[in-house]
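For reference, the structure discussed in these notes is given below.
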Amino acid sequence: MNNHNLFAALRAAFPQDLDSAAVETDDGLVYSWRDLDRGTAMMANLLRALSLPEGSRVAAQVEKSVEAMILYLATLRAGYVFLPLNTAYQSAEIEYFVGNAEPAVVVCSGKNFGWVSKIAFKAGTRNVFTLNEDRTGSLLERAAHHSDSHEPVRRNSDDLAAILYTSGTTGRSKGAMLSHGNLLSNAQVLKDYWGWQAGDVLIHALPIFHVHGLFVALHGALLNGSKMIWLGKFDPRRAIANMREATVLMGVPTLYVRMLAEPSLTPEAARHMRLFISGSAPLLIETFNEWRVRTGRTILERYGMSETLMLTSNPYREEEGRRRGGTVGFPLPGVGLRVRAEDASELATGEVGGIEVKGPNVFKGYWRMPEKTHEEFTADGWFKTGDVGKLDELGYVTIVGRSKDLIISGGYNVYPAEIEGYINEMPGVAESALVGVPHPDFGEAGVAVVVPKPGASLDGEQIVARLKSQLANFKIPKRCFVVRELPRNTMGKVQKNLLREEHKLLFT
Ligand code: MCA
Ligand code: AMP
């Protein structure tokens, strides 16, 4: 029987010359394919030596580094389940994720060990390691004592490989359970659809705690045996300078907007590049057009979700069609996509409705939330994305909005209900609403509108300052207004569309 462990497939794609460069970092280090193989083996052996129960979760809240990537690959190799956490999360957020996922291992930055280990030990985690950007910390010290050879643990396609926390369409964060088969099948489809080829070099510019950087970019390069130029933190000038030696770059729209602001972005600078991919948030048509003028290259926009991995993509090959700005392209091979009205009836071409999907890429459900999982699938087994869109006569998908109350800021998801909850807890607050409005850098930015209790006086800046001490930085509203009341419809529901309209020019 074949081993369906995703790591085994990635390892099989390593080039024959294991001493060639696999990763080059921005501080000048070069890791060979042999380094990745040995490093993942040593770490996998360390994890196995901990005698963890099968299916154990390994949670990581660490800065982006090659060693952090090795930790992810080692977790797969050892057959455990990886749980990546955004480095911006603060203690209340980490407490929720660790309490919910009950990881057997937690890896954090040395500077956070005090508070993270306290949370982890309270949740029953026995093993807390540290891993720092400068390649120090107890994880590497401990792994150094283990053998550098390791046979990937046998896994079935349906076995869990990772859990990614996302808020789905409603309520508290839910852990989307992704299997080895979900991840591998999606990576294989993208390898073919995007024409990965010999000699490709990827500029890896995104964080590695979400689907885009951890799976789409990383698996793409590894499955093609391609070298990565590894940017610890996105820097537009560095990314442009790296284009001379690279062929593929993946980014959220904010990355493209920031590169366009650099005079060094020219057709000459981009001459060596084969493919620019954008996703995670809507790419403005202005950005799409300007990029073409400034570089002579056409961005390929695609669409996906944590629960489903990649769903649609504009075509790579000309014979399959044009890359059309403002659309997210065609359903990927193997992905079923349909548009439904609210009463579940099928809609005609061009009509707008809820996007529903099916395929080997669709997740196994939400971690320990069978009811939530059930709610988000139709009776005939399609996953309801919460995105609103349409299909045209050629089959291109356009996303026109979202039925879920979600703001996407700089490619990160912000759930208004969560931030409103924190604001409503503050003394003197009667109620609040958070809306997303256009922002030139982040695409959308959060604006809070807060109503004081009778007799209370509130200050918008103080509310923002208080949120900063509680929540990840990207969730903090960029502005906060104190008003006498929120607009409501006859049913008493807050009319967020009116608030969005009122504040739409705030940042433009
Ligand atoms: C930072 N800030 C933000 C954001 N990032 N505010 C709103 N939205 C953000 N995304 C805050 C900072 O805390 C700071 O606040 C101020 O804005 C300016 O920070 P700056 O230094 O400009 O930010 P940065 O550190 O340069 O980060 C910007 C970034 C980053 C590089 C665009 O947000 C990023 O890497 N985004 C990519 C996210 C991503 O990978 N998404 C993929 C999800 P203050 O000054 O007050 O401290 S996967 C997904 O969605 C699906 C599956 C898919 O389809 O891919
Ligand atoms: P996440 O929960 O982080 O996985 O975010 C998934 C959501 O990001 C999707 O449901 C969409 O709303 C949004 N998204 C991803 N790619 C695109 C895109 N190219 N255009 C518009 N929205 C996108």
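Points to keep in mind about this one:
- Residues that are within 13 Å of ligand 1 (Cβ to nearest atom) and either modelled with pLDDT under 95 or over 22 Å from Gly304 (Cβ atoms) (or both) were ranked within segment 237-257; the one that is most open to solvent (accessible area, probe 1.4 Å) is Arg237.
- Count - residues of segment 7-32 that are within 25 Å of the chain's Cα centre (by Cα) and in a helix (DSSP H, G or I): 5
- Taking the criterion of being open to solvent by less than 30 Å² (accessible area, probe 1.4 Å) and closer than 30 Å to Glu262 by Cβ, the residues of segment 475-486 that qualify are Lys475, Ile476, Pro477.
- Among the residues listed as Ser457, Ser469, the single one being loosely packed, with under 13 Cβ neighbours inside 10 Å and closer than 16 Å to Ile419 by Cα: Ser469
- Flag for Met228 being open to solvent by 20 Å² or more (accessible area, probe 1.4 Å) and in contact (Cβ under 8 Å) with a residue 60 or more places away in the chain: no
- Residues of segment 413-459 satisfying the condition of being hydrophobic (A, V, I, L, M, F, W, C) and farther than 30 Å from Ala261 by Cα: Ala417, Ile419, Ile423, Met426, Val429, Ala430, Ala433, Val449, Val450, Val451, Ala456, Leu458
- Residues that are near ligand 2 (Cβ under 10 Å from one of its atoms) and touching a Gly at 6+ places or on another chain (Cβ under 7 Å) within segment 284-306 comprise Glu301, Arg302, Tyr303, Gly304, listed in sequence order.
- Each residue in segment 46-72 was checked for being closer than 25 Å to Asp134 by Cβ, surrounded by 20 or more Cβ atoms within 10 Å (Cβ to Cβ) and either over 17 Å from the mean Cα position of the chain (by Cα) or at pLDDT below 95 (or both), and 7 of them qualify.
- The residues in segment 387-422 that are near ligand 2 (Cβ under 9 Å from one of its atoms), among the hydroxyl-bearing types (Ser, Thr, Tyr) and out of contact with any helix residue (DSSP H, G or I) (no Cβ under 7 Å at 6 or more places or on another chain) can be counted, and the count is 0.
- Some residue of segment 473-494 being away from ligand 1 (no atom under 13 Å from the Cβ) and under 23 Å from the mean Cα position of the chain (by Cα): no
- Some residue of segment 202-212 being more than 20 Å from Gly55 (Cα to Cα), away from ligand 2 (no atom under 13 Å from the Cβ), open to solvent by 10 Å² or more (accessible area, probe 1.4 Å) and at pLDDT 95 or above: yes
- Restricting the search to strands (runs of 3 or more DSSP E) fully inside segment 403-503 and requiring at least 2 residues that are of a type in the set (A, V, I, L, M) gives 407-409, 429-439, 443-452.
- Yes/no for Ser147 being at pLDDT 95 or above, under 30 Å from Asn2 (Cβ atoms) and open to solvent by less than 60 Å² (accessible area, probe 1.4 Å): no
- Qualifying residue in segment 96-106 (condition: β-branched (Val, Ile, Thr), surrounded by fewer than 21 Cβ atoms within 10 Å (Cβ to Cβ) and within 19 Å of Thr75 (Cβ to Cβ)): no
- Restricting segment 189-201 to residues that are closer than 16 Å to Leu249 by Cβ and not in a strand (DSSP E or B) leaves a set whose member that is most open to solvent (accessible area, probe 1.4 Å) is Gln197.
The values are calculated or read from the model by the stated rules, or taken from the named source; none is laboratory data. It should be emphasised that the depicted structure is a prediction, and the values quoted were computed from it without experimental measurement. Please note: Cβ atoms are built from the backbone with ideal geometry, for glycine as well, and neighbour counts cover all protein chains shown. For accessibility, only protein heavy atoms count, side chains too; no ligands or nucleic acids. Shrake-Rupley method; radii C 1.70, N 1.55, O 1.52, S 1.80 Å.
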